[in-house]
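Here is the structure we will look at, set down as C-alpha cells.
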Amino acid sequence: MSNLQDLINHDDDGDYLPSPSPPQQQPQHASSSESKASTTEDLPDSITQEHILTSFEKIKTHFPAARIKKIMQSDEEIGKVAQATPVIVGRALEIFMANLVEVSLLEAKKQGVKRITASHVKSAIENTEQFDFLVEAVEKYPSLKN
C-alpha cells in the first residue's frame with residue numbers, strides 16, 4: 001500500500017491527485033536533423049502494446065483524479081470511491097488515449113499527411129478490433145477519402 005500511497009497527493013480541497021512523474025532524461029543525439037528523421041521514419045506498420053507503453057512514458061498530460069471521482073460519483077449506483085481508484089482510472093485513460101492516437105497517426109501517415117483529423121481517428125477505430133465498441137460513436141464523422 002505504501003507504493004500506491006506514494007502515487008497519491010491531496011490537493012487543497014481534499015481530493016486526491018496523482019503525483020507528478022519525474023522528468024525523463026532524453027538520450028543525446030548526434031544532431032537534431034538525425035533525431036527529426038528518426039521520429040518520422042521509425043514508425044512501425046502496426047502498433048504493439050510495448051510500443052504503446054514506451055510512447056506512454058512521453059505523455060505529459062494527465063486526467064485529473066478529482067474530476068474522474070466526480071464523474072464516477074455522479075452515478076447513483078456508485079457509493080464511496082476508494083482514493084486510489086480515480087488515479088488508476090486516469091492512468092488507464094492515458095494509456096487508452098495514447099493507443100488511439102498512435103493508431104490514428106498510422107492512418108494519417110498512410111495518407112501521407114502529418115495532421116491527424118477526425119477522419120483518421122474514425123478510420124483507426126473502424127480498422128482496429130480493439131476499438132470496435134466505438135464504431136457507433138464515430139458513424140457521424142466523414143470517412144477518409146482514398
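Which value, in debye to the nearest 20, describes the size of the charge dipole of region 62-146 about its Cα centre when Lys and Arg Cβ atoms bear +1, Asp and Glu Cβ atoms bear -1, and nothing else is charged?
Approximately 540 debye in magnitude.
Taking the highest mean first, how do the peptides 88-100, 129-141 order by number of other beta carbon atoms within 10 angstrom per residue? Walk me through the numbers before you get to the answer.
Details: 88-100: 16.2, 129-141: 11.5.
So the peptides 88-100, 129-141, ranked by packing, come out 88-100, 129-141.
Readers should treat all values here as calculations from the given coordinates under stated rules, not as data from a laboratory. This one's a predicted model, so the numbers in the text were calculated from it and none came from an experiment. Neighbour counts run over all protein chains shown; Cβ positions are idealised from the backbone, glycine included.
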